[in-house]
């Protein structure tokens, strides 16, 4: 058994909803205003009208919405052309000057980006040099520690192992810090 709600949307309600919303779009008004208008005429809340529009009706009328938006844009363009003609400016002048301004700003952005890339490359080279020096120092310390280890009694070996562990830990921390610095410079 199928039951119908007493406040269910009829095909006429849906058609009226679509007609008013599309008219508002075409005239450059908002859908919210359309929902308010429809709600008053159908005795429903604007939220209910909006929900019905978005959940059912809009999908059916996508082509009509596109045509309404195209019409609205054409009206805007005609109005703009008329205003420019009244001011003695052609559409072509506006388009070329806008294009030139855009290209100039794009050139400035490119130059700034290239400068930043050069700076990051320099920073990376310096960091790689520091890393190489630190690796050499680490190797020197490790070999020195190994030589000392063999020359020192067993009690001292434990101290040297602890020192070696500290140096290795410090080395790992330096590597982590370097990676963090590089990441910070790139995202900086």
Seminar exercise, completed: Residue set 148, 158; condition in a helix (DSSP H, G or I), modelled with pLDDT under 90 and surrounded by 14 or more Cβ atoms within 10 Å (Cβ to Cβ); output residue 148
Exercise. Residue 131 versus (1) touching a helix residue (DSSP H, G or I) at 6+ places or on another chain (Cβ under 7 Å); (2) modelled with pLDDT under 90: which is the lone unmet condition?
Worked result: (2)
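The values are calculated or read from the model by the stated rules, or taken from the named source; none is laboratory data. Since we're looking at a predicted model, the values are computed, not measured. Cβ sites come from the backbone with ideal geometry, for glycine too, and all protein chains shown count toward neighbours.
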